[in-house]
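Engineer: Shown below is the structure under consideration.
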Amino acid sequence: SQHIIITAKEKPLKYALTVGALKSADGTEFPAENVEVFHEKYIHVIKNYDKTSMPTGYYPDAIVPYENIVKAGENVVEANENQGLYFRFNVPIDQTAGTYTGKAYLIIGGETKEIPLTLTVADLTVSEEVHAKSNFFSRGLFYKGELEYTQRMRDLYTEACFEYRIGVDNIVAESYHSPEEIEYYVNKAYDYMQNPKCSNLGIPYATE
């Protein structure tokens with residue numbers, strides 16, 4: 001990934017961004033559609049619950065796909081504030097090894113800025129199959145923050161974790177351990193375990 005920071009001074013600035021193809025020295029292309037851009041969102045922390053020395057205020061948190069930010073009309077850098085952008089390169093399995101260079105074009109304040117991009121593709125293949133055990137504490141609290149506490153939203157989180165080879169704690173939104181819910185969990189867990197990117201799952205249980 002590559003990270004840049006935009007700073008606005010006296011007034012808010014709306015920005016737009018496009019990415020061009022990258023090329024190696026021999027002309028091999030890395031397509032622009034394989035480069036994703038993310039807008040760094042800030043969360044306003046109003047209380048330090050852990051009573052550490054960290055101050056309250058705005059902290060960078062979620063990275064949101066740029067196209068979603070544009071749809072929401074939030075592609076604006078506020079006055080006297082910074083805005084982070086991340087570039088993620090999705091490398092195809094058959095991409096030729098080498099160093100690729102290209103440019104992104106940032107339009108802001110009536111000017112176009114050229115941002116150099118560099119990607120080095122190593123001569124190796126990363127296996128889709130993962131054996132390391134991990135456990136992301138995937139509880140309902142996270143999904144409530146999406147304003148959609150549903151099984152569909154949990155599935156989206158679970159599948160995103162698998163893309164990063166992360167095991168999850170719980171794959172069902174609610175479980176009261178009825179025969180029907182146990183069958184639903186078993187079938188879903190079986191399907192997930194067929195994915196080579198999934199090495200382990202948490203098992204819901206109840207105590208009396």
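The values are calculated or read from the model by the stated rules, or taken from the named source; none is laboratory data. All of these numbers come straight from a predicted model, not from anything done at the bench. Virtual Cβ from ideal backbone geometry, glycine too; neighbours counted across all protein chains shown. These area figures cover heavy atoms from the full protein model, side chains too; ligands, DNA and RNA do not enter into them. Shrake-Rupley method; radii C 1.70, N 1.55, O 1.52, S 1.80 Å.
Engineer: Given the criteria loosely packed, with under 13 Cβ neighbours inside 10 Å and not aromatic (Phe, Trp, Tyr), does Thr112 qualify? Explain how you work it out, then say what you get.
Structural biologist: On the way: loosely packed, with under 13 Cβ neighbours inside 10 Å: yes; not aromatic (Phe, Trp, Tyr): yes.
So Thr112 fits the description; yes.
Table: residues versus (1) touching a residue at least 24 places away in the same chain (Cβ under 8 Å); (2) surrounded by 14 or more Cβ atoms within 10 Å (Cβ to Cβ); (3) in contact with a Phe, Trp or Tyr (Cβ under 8 Å, 6 or more places away or on another chain).
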site: Asp26; (1), (2), (3): yes, no, no
site: Glu36; (1), (2), (3): yes, yes, yes
site: Glu40; (1), (2), (3): yes, yes, yes
site: Ile46; (1), (2), (3): no, no, no
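Engineer: Consider Val130 carefully, then state whether it is open to solvent by less than 80 Å² (accessible area, probe 1.4 Å) and in contact with a Lys or Arg (Cβ under 6 Å, 6 or more places away or on another chain). Show your work before the answer.
Structural biologist: Working: open to solvent by less than 80 Å² (accessible area, probe 1.4 Å): yes; in contact with a Lys or Arg (Cβ under 6 Å, 6 or more places away or on another chain): yes.
Criteria met by Val130.
Engineer: Run Ile108 past the list (1) modelled with pLDDT under 95; (2) touching a helix residue (DSSP H, G or I) at 6+ places or on another chain (Cβ under 6 Å); (3) among the aliphatic types (A, V, I, L, M) and report the number of the one that doesn't hold.
Structural biologist: Result: Ile108 passes all but (2).
Engineer: Return yes when Tyr100 is aromatic (Phe, Trp, Tyr), over 23 Å from His3 (Cα atoms) and surrounded by 15 or more Cβ atoms within 10 Å (Cβ to Cβ) and no when it is not.
Structural biologist: On the way: aromatic (Phe, Trp, Tyr): yes; over 23 Å from His3 (Cα atoms): no; surrounded by 15 or more Cβ atoms within 10 Å (Cβ to Cβ): yes.
In short, no.
Engineer: Identify, from the list Val186, Val172, the residue that is open to solvent by 40 Å² or more (accessible area, probe 1.4 Å), on the phi < 0 side of the Ramachandran plot and either not acidic (Asp, Glu) or not in a helix (DSSP H, G or I) (or both). Break it down stepwise before answering.
Structural biologist: Numbers: Val172 fails: open to solvent by 40 Å² or more (accessible area, probe 1.4 Å).
Just one listed residue meets the conditions, Val186.
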